[in-house]
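Participant: Take a look at this one; I'll ask things after.
The values are calculated or read from the model by the stated rules, or taken from the named source; none is laboratory data. Everything quoted here is computed from the prediction, not taken from an experiment. Neighbour counts run over all protein chains shown; Cβ positions are idealised from the backbone, glycine included. Ligands, DNA and RNA are stripped out before the accessible areas are found, and what is left, the full protein with its side chains, is counted by its heavy atoms. Shrake-Rupley method; radii C 1.70, N 1.55, O 1.52, S 1.80 Å.
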Amino acid sequence: MTTFLYQITDLHIREPGRLAYGRLHTAPYLQRAIETVQSCPQPPTAVVLTGDLTDFGRPEEYAHLRELLAPLTCPVYLLAGNHDDPAQMRLSFPDHGYLGTQGALQYSVPVGDLQLIALDTTTPRQSHGTLCETRLQWLEEALEAARDRPVVIAMHHPPFTTLIGHMDKIGLLSGGDELAQLVSRHPNVERVICGHLHRAIDVRFAGTLASTCPAPAHQVVLDLHPDAASQWNLEPGGFRIHAWQPGTGLISHTRPVGAFEGPYPFHMGGALID
Ligand SMILES: [Fe+2]
């Protein structure tokens, strides 16, 4: 059986009717992303949302998010980003028991044949990420407990440089080296999947692969100058599908949001159409 872990990230949901950045209705983009998920031939075993679920972490924003997520019938795992309020997430999603009740919002859950280990990288009232000793100690124990299973680590702030200068300035500013040491001791970590960047980026990291994921609505402008302006645009949104197949490994795909022209056949009567 193949496990399909879908990753959606950086939804930035606002109160109903309220625009993000005075310009963008993020909710319809999430609705279309969920419609696209539901149109995929292989349904998700689970969906993980890797942070920035809302823009300001307000109760009304999470209530709106709850409504928007309702069509998803598979397990949905929430993770906090720098725009979230972990305490409010626990209050707004009391039925999501894996969120726990106190401390860092971290958890380890099975998703099909995979073990999903979610890390809390948020720094209260700051945009950058942090992994303190307590969070890393918890990770070490979670990795030890999952020693015989393929692991996907999910976290909001990526533990790598992206070359998008203004995002690197608010990246994971502490704990990254210690995380790399831990990951390098656990070859069963198949992937470190992250949000925050609103784009798909892939990097070699500590003997495994680390990646980010497009957002459903707005993307961070692709400009690799260290002083590039902090800007977003409406390049096509997307999400990722991390598929685990026993004996093959973890294969990560990126799916743009939307319905597109096609499909059309390559062949007719056994021959390539000329
Ligand atoms: Fe974001």
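Participant: Roughly how much of Cys40 is accessible, in Å² to the nearest 10, using a 1.4 Å probe?
Facilitator: The accessible area comes out at roughly 20 Å².
Participant: For q values of 0.19, 0.22 Å⁻¹, compute log₁₀ I(q)/I(0) with the Debye formula on a Cα-only model of segment 130-267, without solvent.
Facilitator: These q points yield log10 I(q)/I(0) values of -1.15, -1.35.
Participant: Oh, and also: Leaving out ligands, DNA and RNA but keeping every protein chain, what accessible area does Leu272 have, in Å² rounded to the nearest 10, with a 1.4 Å probe?
Facilitator: 120 Å²
Participant: List, in order, the whole-Hz ³J(HN,Hα) value for each residue of segment 221-226 obtained from phi through the Karplus relation with A = 6.51, B = -1.76, C = 1.60 and θ = phi - 60°; use x for Gly and Pro.
Facilitator: 4, 7, 9, 8, 6, x
Participant: A further question on this structure: Working with all protein chains in place, sort Phe160, Phe239 by solvent-accessible area computed with a 1.4 Å probe, largest first. Don't skip to the end; give the middle numbers.
Facilitator: Working: Phe160 25, Phe239 0 Å².
I get Phe160, Phe239, largest accessible area first.
Participant: Then there's this: Averaged per residue, what accessible surface does segment 116-274 expose to a 1.4 Å probe, in Å²? Numbers along the way, then the final one.
Facilitator: Working: 8120 Å² over 159 residues.
On a per-residue basis, 51 Å².
Participant: Kindly list the residues of segment 204-248 that lie in the label zone of His166, defined by a backbone N under 18 Å from the point 7 Å along the Cα-to-C-beta vector.
Facilitator: 215, 217-235
Participant: Between Asp223 and Gln31, what's the calculated FRET efficiency when r is the beta-carbon distance and R0 is 25 Å? Round to 0.05.
Facilitator: Values: r = 29 Å, r/R0 = 1.17.
E(calc), rounded to 0.05, equals 0.30.
Participant: Can you tell me the Rg and Dmax of segment 187-274, counting just the alpha carbons, in angstroms?
Facilitator: Cα only, segment 187-274: 17.5, 56 Å (Rg, Dmax).
Participant: Something else: Measuring from centroid to centroid over Cα atoms, what is the spacing of segment 131-181 and segment 36-99 in Å?
Facilitator: If you average the Cα positions of each part, the centres end up 21 Å apart.
Participant: Ordering Tyr98, Tyr6, Tyr21 from largest to smallest accessible area (1.4 angstrom probe), what's the sequence?
Facilitator: Values: Tyr98 50, Tyr6 0, Tyr21 100 Å².
Ranked list, largest accessible area first: Tyr21, Tyr98, Tyr6.
Participant: Apply the Karplus parameterisation 6.51 cos²θ - 1.76 cosθ + 1.60, with θ equal to phi minus 60°, to every residue of segment 13-28 and state each ³J(HN,Hα) to the nearest whole Hz, in sequence, with x for glycine and proline.
Facilitator: 6, 10, 4, x, x, 9, 8, 7, 6, x, 8, 10, 7, 7, 4, x
Participant: Let me ask something else. Once amide H atoms are built 1.01 Å from N in the peptide plane, which residues 5 or more positions from Tyr77, or in another chain, come under 5 Å H to H?
Facilitator: Val47, Val48, Leu49
Participant: I would also like to ask the following. With all protein chains present and a 1.4 Å probe, how do Glu133, Glu35 order by accessible area, largest first? Don't jump to the answer; show the numbers that get you there.
Facilitator: Details: Glu133 155, Glu35 110 Å².
Greatest to least solvent exposure: Glu133, Glu35.
Participant: Same structure, new question: Report the Rg/Rh value for the chain, based on alpha-carbon coordinates and the Kirkwood definition of Rh.
Facilitator: Values: Rg = 18.5 Å, Rh = 19.1 Å.
So for the chain, dividing Rg by the Kirkwood Rh gives 0.97.
Participant: For His83, what residues show an amide H to amide H distance below 5 Å, using hydrogens built from the backbone and excluding near sequence neighbours?
Facilitator: Correct list: Asp52.
Participant: For segment 3-260, what % of the accessible area comes from carbon and sulfur atoms, probe 1.4 Å?
Facilitator: Working: 5850 of 11140 Å².
Here carbon and sulfur together make up 52 percent of the probe-accessible area.
Participant: Here's something else I'd like to know. Whole-Hz Karplus ³J(HN,Hα) for segment 49-59, in order, using 6.51 cos²θ - 1.76 cosθ + 1.60 and θ = phi - 60°, x for Gly and Pro?
Facilitator: 9, 8, x, 6, 6, 10, 8, 10, x, 8, x
Participant: So what is the orientation-averaged projected area of segment 51-150, using the convex hull of its C-alpha atoms, in nm²?
Facilitator: Details: hull surface 26.8 nm².
So the mean shadow area of the Cα hull is 6.7 nm².
Participant: Heads up, I need the accessible area for Asp148: 1.4 angstrom probe, whole protein in place, Å², nearest 10.
Facilitator: Estimated to the nearest 10 Å², Asp148 gives 130 Å².
Participant: Give me the percent of DSSP beta bridges within the chain that run antiparallel, rounded to the nearest 5.
Facilitator: Numbers: 27 of 50 bridges.
Counting only bridges with both partners in the chain, antiparallel ones make up about 55 percent.
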